[in-house]
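The values are calculated or read from the model by the stated rules, or taken from the named source; none is laboratory data. In this text the structure is predicted, and so the values were computed from the model without any measurement. Every residue, glycine among them, receives a Cβ derived from its backbone with ideal geometry; neighbour counts consider all protein chains shown.
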Amino acid sequence: MEPSLRDIRDKVEAGRRLSGEDALRLFRTRDVHTVGEMADFANRRKNGDRVYFIVNRHINPTNVCVNRCRFCAFSKSREEPLAYTMTMDEILRRADEAREQNATELHIVGGLHPDLPFDFYLSMLRTLSERHPGMHIQGFTAVEIDYFSRISGLPLDEVIRRLKEAGLGSLPGGGAEIFAPEIRNAICPEKIPGERWLEVMEAVHAAGLRSNATMLYGHVETLESRVDHLQRLRELQDRTGGFQAFIPLAFHPKNTEIAKGYTTGLEDLLSLAVARLFLDNFSHVKSFWIMVGPKIAQISLHFGVDDIDGTVVEERITHAAGAQAGMAMTVSELVAMIRQAGRVPVERDTLYNVIREWPAEEAR
Amino acid sequence: MTWRESLGRALEGSAAPEDAALLLREAPLFDLGRAADAVRRRIHPDGIVTYIVDRNVNYTNICVCACSFCAFYREKGAPDAYLLSDEGLSRKIEETLALGGTQILLQGGLHPDWGIEEAVRLVRAVKRHPIRLHGFSPPEIWHFASRSGIGVGEAISRLMEAGIDSIPGGGAEILDDEVRGLISPRKIGWKQWAAVMREAHRRGLPTSATMMFGSVETPEQVATHLVRVRDLQAETGGFTSFIPWTFQPGNTALSRDPRYGTGGGNGLGHPLGYLRVLAVSRLLLRNVSRLQVSWVTMGAKVAQLGLFFGGNDFGSTMIEENVVAAAGVSFRMSEEEIVATIRDAGFTPARREATSCST
């Protein structure tokens with residue numbers, strides 16, 4: 001073991017909180033085994049041998065977006081040939097398919113469309129929740145919530161109240177990127193500032209809705225800015241307790257304006273493991289297999305991860321930027337992947353209620 | 001016997017097959033990784049990770065072996081059966097040289113009409129160019145010799161005279177005849193494979209050794225494979241590198257065989273299993289200098305992690321690869337990506353000497 005990690009190991013074993021400086025050292029180390037072991041320890045203390053997944057379906061209703069984030073290959077302006085906006089029928093068809101495949105969640109995020117009114121989203125939620133009352137709708141990043149408030153002229157609290165009333169069950173964690181202003185200005189100057197993202201989440205949690213949190217890494221951010229990002233999330237979580245899972249998102253360079261390679265396996269695993277160690281007040285750390293690939297997703301189950309997202313079925317945002325993973329995984333593929341890691345597969349709903357637990361084949 | 005005792009014996013260099021099997025089955029991932037890393041550090045204290053710029057040339061896909069794990073072979077007369085022409089071969093070599101490549105890895109099916117004359121002619125055709133030739137796995141050499149009615153030793157001597165520089169360790173699969181009977185019944189047995197290698201090493205021709213796992217074998221059979229390579233190396237010292245890689249099920253008969261596990265993987269043939277096998281390989285094969293990670297089957301990300309589980313060689317840029325690609329797996333890596341990936345892991349990349357051996 002690298003001697004400089006000894007004090008961190010002591011803290012982890014004692015369940016004491018890590019400092020920002022600790023996190024920075026963990027990001028910099030190449031003592032992969034010690035980091036992995038500590039993250040695994042921290043995770044199993046919270047989640048035991050369970051690894052969660054969900055049967056879900058992503059729907060991205062539109063790629064038209066008034067923002068032009070430099071890391072994004074998905075957004076288009078209205079006039080571009082590849083711009084699309086789904087009709088309500090197209091959205092419903094996807095939801096119906098999802099129901100037939102026993103999905104328990106619809107995951108809905110999209111661009112900031114210049115013309116669609118707030119009512120469009122409310123009526124979409126109402127239609128979906130009336131038609132499929134058994135499916136939980138996780139939808140709209142903090143960026144979209146802020147946008148709804150601007151286009152409707154309604155205060156944040158009122159926007160959230162109406163969305164909830166129309167059937168919104170919880171929020172995903174997108175749009176967080178990196179909070180530090182100098183990085184944020186370089187990669188997404190038009191997007192709401194980090195402070196606003198956190199403010200929206202605070203209001204969401206205050207309204208009784210849970211959400212996730214993300215961090216986009218592997219572009220132009222510094223390790224210090226990653227730590228700053230994690231610190232702000234941990235502070236907010238201390239106040240609200242409303243975050244369920246933290247999900248680091250690997251930057252994908254294809255068709256974006258940022259010239260950079262794909263993230264490495266080490267970078268992916270360190271991002272997950274350090275998050276598990278630092279975010280002691282988050283119950284779950286998720287490795288989104290679409291982002292890191294199914295192979296690293298499996299390995300990450302020994303690096304502090306207890307959730308590998310879900311069946312997904314159709315994903316447009318990461319694939320626009322050159323995701324090399326497929327778009328869908330079957331339940332049996334997810335179960336096999338978790339079992340091979342010696343863990344217990346658990347199908348969960350959005351709020352981490354257990355739907356089904358598979359007995360372990362053999363523990364490792 | 002506990003995995004800790006087995007790990008202790010592995011670190012002392014005295015692991016038995018039962019120790020290797022127990023480590024594969026039970027040792028925690030990071031204990032294995034840390035031990036393998038320590039052994040790697042002892043053998044390669046400089047932190048250098050090597051790679052080579054070369055091209056796989058498969059001179060034919062016509063093969064009488066018809067192994068159930070293989071998606072590449074065709075029968076003679078099949079619409080997509082091929083035999084590379086002299087012009088085609090020259091063009092591939094010229095392209096390789098133009099890209100700065102220093103070696104051709106030449107392998108093909110067991111062509112029913114090919115004997116040693118055809119093989120020698122092919123070696124001469126390659127060696128008209130200023131390039132290293134790493135060619136013909138043991139099953140091919142055995143096939144040439146038996147078709148021509150000569151001994152394996154003589155076949156190797158003829159190939160050496162024609163200019164071959166080293167032999168790849170393919171066709172090893174699992175060096176256990178029970179496994180071979182299930183997945184490659186018409187291929188030479190493990191003793192013949194070892195005999196070819198012994199003859200090559202005796203003549204001063206270096207070779208690599210491979211292992212394909214994740215099909216139907218047990219951890220005990222993987223352990224047997226490792227021990228057999230270790231024992232042969234103790235005898236000859238001719239192996240330059242060991243390359244374990246996982247069975248790729250796409251488009252293969254074996255993937256539809258009920259003996260192959262359901263859910264897309266079996267035994268150790270998944271990313272975590274791969275890291276375990278790599279680490280146990282490093283622990284057992286302390287007498288084989290180089291342990292190669294397989295980005296071709298595992299992708300760049302897992303291959304990079306392999307450097308923390310005993311690997312010290314990143315393989316080749318593989319300007320061309322056909323066999324794994326036939327199973328629907330098509331990872332690509334440029335030299336720049338290989339270099340950046342090695343650096344990111346904290347190691348020093350070094351392009352291998354054109355005179356060394358690889359697969």
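Quick notes on this one:
- Test: residue in region A:63-77 that is within 14 Å of chain B (Cβ to nearest Cβ) and in a loop (DSSP other than H, G, I, E, B): no
- Condition check for residue B:88 on (1) touching a strand residue (DSSP E or B) at 6+ places or on another chain (Cβ under 8 Å); (2) without any contact (Cβ under 8 Å) to a residue 40 or more places away in the chain: one failure, at (1).
- Selection from region B:179-219 of residues that are at pLDDT 95 or above and acidic (Asp, Glu): B:199
- Residue pairs whose Cβ atoms lie under 9 Å apart, sitting 6 or more positions apart in sequence or on different chains, and linking a residue in region A:228-241 that is over 12 Å from residue A:194 (Cα atoms) to a partner that is outside any helix (DSSP H, G or I) and among the charged types (D, E, K, R), are A:234/A:17; A:234/A:280.
- Residue B:354 vs. criteria at pLDDT 95 or above, more than 9 Å from every other protein chain (Cβ to nearest Cβ), farther than 27 Å from residue B:174 by Cβ and surrounded by fewer than 21 Cβ atoms within 10 Å (Cβ to Cβ): no
- Members of region A:320-364 found to be outside any loop (DSSP other than H, G, I, E, B), more than 10 Å from chain B (Cβ to nearest Cβ) and without any contact (Cβ under 8 Å) to a residue 12 or more places away in the chain, listed by number: A:354, A:356
- Region B:265-350 holds helices (runs of 4 or more DSSP H) entirely within its bounds, and those carrying 1 or more residues that are over 30 Å from residue A:342 (Cβ atoms) and in contact (Cβ under 8 Å) with a residue 40 or more places away in the chain map to B:335-344.
- From the options A:322, A:261, residue that is surrounded by fewer than 20 Cβ atoms within 10 Å (Cβ to Cβ) and more than 19 Å from the chain's Cα centre (by Cα): A:261
- Residue in region A:168-180 that is within 27 Å of residue A:312 (Cα to Cα) and either more than 21 Å from the chain's Cα centre (by Cα) or assigned to a helix (DSSP H, G or I) (or both) present: no
- When region B:1-22 is filtered for residues that are in a helix (DSSP H, G or I) and either within 25 Å of the chain's Cα centre (by Cα) or hydrophobic (A, V, I, L, M, F, W, C) (or both), the ones remaining, listed by number, are B:3, B:7, B:10, B:11, B:17, B:18, B:19, B:20, B:21, B:22.
- Residues in region B:282-318 that are hydroxyl-bearing (Ser, Thr, Tyr) and within 11 Å of chain A (Cβ to nearest Cβ): B:297 alone.
- The residues in region A:315-337 that are of a type outside the set (Ser, Thr, Tyr) and more than 25 Å from residue A:258 (Cβ to Cβ) can be counted, and the count is 8.
- The residues listed here are A:274, A:204; of these, the one that is part of a helix (DSSP H, G or I), touching a residue at least 60 places away in the same chain (Cβ under 8 Å) and over 23 Å from residue A:149 (Cβ atoms) is A:274.
- Every residue from region A:300-310 that is away from chain B (no Cβ under 12 Å), within 26 Å of residue A:73 (Cβ to Cβ) and surrounded by 24 or more Cβ atoms within 10 Å (Cβ to Cβ): A:305, A:307, A:308, A:310
- Among the residues of region B:13-66, just one is polar (S, T, N, Q), modelled with pLDDT under 95 and crowded, with 22+ Cβ neighbours inside 10 Å, namely B:56.
- A single member of B:40, B:25 is within 20 Å of the chain's Cα centre (by Cα), within 28 Å of residue B:248 (Cβ to Cβ), within 14 Å of another protein chain (Cβ to nearest Cβ) and not hydroxyl-bearing (Ser, Thr, Tyr), and it is B:40.
- Of all residue pairs spaced 6 or more apart or on separate chains, those with beta-carbon atoms under 6 Å, a first member in region A:97-125 that is in contact (Cβ under 8 Å) with a residue 40 or more places away in the chain and a second member that is hydroxyl-bearing (Ser, Thr, Tyr) are A:105/A:350; A:109/A:141; A:110/A:62; A:111/A:62; A:111/A:75; A:112/A:147; A:113/A:62; A:118/A:152.
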